[in-house]
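Report on the following structure.
Since every read-out is calculated from the coordinates, none of them should be taken as a lab result. Given the structure is predicted, the values throughout are model-derived calculations rather than measurements. Here the Cβ is made from the backbone with ideal geometry for all residues, glycine too, and neighbour counts use every protein chain on show.
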Amino acid sequence: MPATVADVLHLPHLRLALFAGTTGLGRAVTWAHASDLDSPWNWVAGGELLMRNGRTLPRAGSAQAALVHSCADAGASGILIGEDPQTPPLHREFAGAADERALSVLTTPYAVSFAAIARAVADANAGESSARVGQVERIYGALRDALGSRNGDSPTARLARDLRCRLLLLDTASAHPVDPAAAEPDPALRQALLTEVGSHDGRIPGVLHLSLPGRTTAIAVEVPAEEPTVLVAVNLPGKDTSLLHHLATAAAVETAHQAMIREHERRVGAELLAQLLDARLDRDAAARELTSAGLDPSRSVVVAARHDDTPGQRDLHLALGRRRIPHLLSKDGGLLFALIHDAPLLLPTLRQKLGAHSALGFSALVDASDRIPIARHEAVWALSVAHRTPGLIARYDESAPYQLLRTPEEARAVVDRVLGPLLAYDADHGTELTASLHAFLRHRRSWQRTAAALNVHKQTVMYRMQRVEQLTARTIAETGDLTDLWIAFQAQALLSGWAPDTYDAG
């Protein structure tokens, strides 16, 4: 049996004194834990004697009482105050809370070190330590057996059976299982985890205590992984912190294995998306592949962003999978493309992984598999607009002033009507009037800068613009005519699938 608070109190060489909480002397003490943090209960799993320097003790009686209640809720065995010259008065509220919660509060003289107390608790629990070593050995033995098994049994499932508790390996942001094949957690547990993580701004302290109905206990610890991950233990016997962290280390191996599976899926999906974007699959084959990937075209968009191979972009597939957002990712020509469900968590996930300063272009809803190549052009076009918007986000079907071009068919009509004569003349005569006009608009109608960009004389640019006016029946000095030409180049960008530079027709 583990030592009790009374056993530690009665060790003469520690010179401990009981301040309050007599009814808590029978609590088992598995470990002595020193912490001067503002919220030490976040690093307590249960059974610890919390040691705290007096100078860091809250000065107000209400705050001292709150310390007792929080530590009791976390399952601490007791609180030990190391008295020093700056220790504040121990208030009646402190004692009242200790008696109410049956949580003993002990004091020790300044001359007694916390190390001596921790060693005394460890010595008192020498037999328990041997049992703990046996548990740790079983954890890693179960992990080895599970990884070598071919029956699909996960390490956490094997460990849960061995420890006679429930273990869940969950994504921190969404509370979905890391393994898509695993059962979803109970709604109450899922909500409790999301609430507790949110209360810590997404940062996981030593131990999260989840508030669940009834007598169910649940604690969670962080698992080292590419994406934020927690291991939740429901009704873990003893609630041993050290044991829980060993479990988290074992869970990290399973998480890495899942990441390898997801990476293989990403590579297969990248090839599929490349075929869809290039229209290399017929409609029936494309529909079958989309169904297999869990993608519904009526709920999907194509998203375009600059590809920079940052860690966030490399982990994007894993983050989207954790949030159960169906998707395919592919890279082409310096751009990252995603065919993806337009889900509520999509934009926060993209912002988290790609960065707040990454421009994003969204197509209209795909609707049908044979519209994916067109949706790609829409996304690239929207991306060129996104660079000029405050939020760095543009949707093809919402971005003014481009609502004149709601479909690629309308864009083709504008190109043919406005730029058609120039394109035909260039094709017949081997000239570069269209490219010259493009450069002229891009350089804000500056003769000198356009000439330098084209590596020709300024008079040559002036002559070419005269021919442009003749062939298009538009005058470059007229704002309305400039607007027609500018929108025509935007339409050409949509049809060509490239992101144009910023034009300034004003």
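Provide Rg over Rh for region 219-343; use the alpha carbon set for both Rg and the Kirkwood Rh (inverse mean inverse pair distance). Using Cα coordinates only, the ratio equals 1.10. The modelled label-to-label distance between residue 479 and residue 86, using points 7 Å beyond Cα along the C-beta direction, is 6.8 nm. The residue 278 and residue 23 beta-carbon pair, evaluated with R₀ = 60 Å, returns a calculated FRET efficiency of approximately 0.20.
Residues 300, 62, 174 in ascending order of nearby Cβ atoms (within 10 Å, fewest first): 62, 174, 300. Near residue 4, the amide H atoms lying under 5 Å from its own belong to 29; only residues 5 or more places off or on other chains count, and H is placed 1.01 Å from N. The residue among 291, 448, 178 whose Cα reaches farthest toward the positive pole of the charge dipole of the chain, with charges on the beta-carbon of Lys, Arg, Asp and Glu, is 448.
Which FRET efficiency, nearest 0.05, do residue 93 and residue 184 yield, Cβ-Cβ r, R0 45 Å?
With R0 = 45 Å, the Cβ-Cβ based efficiency is 0.60.
Across region 150-257, Cα-Cα distances exceeding 23 Å account for 18% of all pairs.
Put in line by how crowded their Cβ is, counting other Cβ atoms within 10 Å and starting with the fewest, 458, 353 read 458, 353. With contacts taken as Cα pairs under 8 Å at a separation of at least 6 residues, the chain carries a relative contact order of 9 percent. Extending 7 Å from the Cα toward the beta-carbon at both residue 256 and residue 140 defines two label points whose distance is 1.4 nm. In a fully extended conformation the segment linking residue 352 and residue 195 would gain 54.6 nm over its present Cα-Cα distance, using 0.36 nm per residue.
Using the Cβ-Cβ distance between residue 389 and residue 203 with R0 = 30 Å, the FRET efficiency computed as 1/(1 + (r/R0)^6) comes to roughly 0.45. The translational diffusion coefficient of region 286-431, from Stokes-Einstein at 20 °C and 1.002 mPa s with a Kirkwood hydrodynamic radius over alpha carbon pairs, comes to 131 µm²/s. If only the Cβ of Lys and Arg carry +1 and only the Cβ of Asp and Glu carry -1, the dipole of the chain around its Cα centre is close to 460 debye. Pairs of Cα atoms nearer than 8 Å and 6+ residues apart set the relative contact order; for region 64-113 it is 52 percent. Ordering 342, 367 by the number of other Cβ atoms within 10 Å of each residue's own Cβ, fewest first, gives 367, 342. When the alpha carbon gyration tensor of region 339-378 is reduced to an equivalent ellipsoid, its three semi-axes come out at 22, 12, 6 angstrom, largest first. For the pair residue 324 and residue 445, the difference between a 0.36 nm per residue extended length and the Cα-Cα distance amounts to 38.6 nm. Given 384, 311, 343, which one lies farthest toward the positive end of the charge dipole of region 278-399, if we put +1 on the Cβ of every Lys and Arg and -1 on the Cβ of every Asp and Glu? Sorting the options by dipole projection puts first 311. Taking 20 Å as the cut-off, the amide N atoms of region 455-478 that come nearer than this to a point 7 Å along the Cα-to-beta-carbon line of residue 429 belong to 455-477. Summarising the label geometry, the points placed 7 Å from Cα in the beta-carbon direction at residue 62 and residue 102 lie 2.9 nm from one another. Here region 150-257 is assigned +1 on the Cβ of each Lys and Arg and -1 on the Cβ of each Asp and Glu. Its dipole about the Cα centre then comes out at about 440 debye. Once you have a ≥ b ≥ c as the square roots of the Cα gyration tensor eigenvalues for region 3-124, tell me rounded if a/c is under 1.5, and otherwise prolate or oblate according to whether a/b is larger than b/c. Verdict is rounded for region 3-124. Projecting each Cα onto the charge dipole of region 3-124 (Lys/Arg +1, Asp/Glu -1 at the beta carbon, about the Cα centre), which of 70, 94, 12 comes out farthest on the positive side? Of the listed residues, the answer is 12.
Compute the long axis of helix 420-429 from its Cα atoms, compare it with the longest principal axis of the Cα atoms of the chain, and write down the angle in degrees, 0 to 90, nearest 10. Approximately 70 degrees, to the nearest 10. With respect to the chain, whose longest principal axis is taken over its alpha-carbon atoms, helix 92-101 is tilted by about 90°.
Relative contact order of region 408-496, taken over Cα pairs closer than 8 Å and 6 or more residues apart, is 40 percent.
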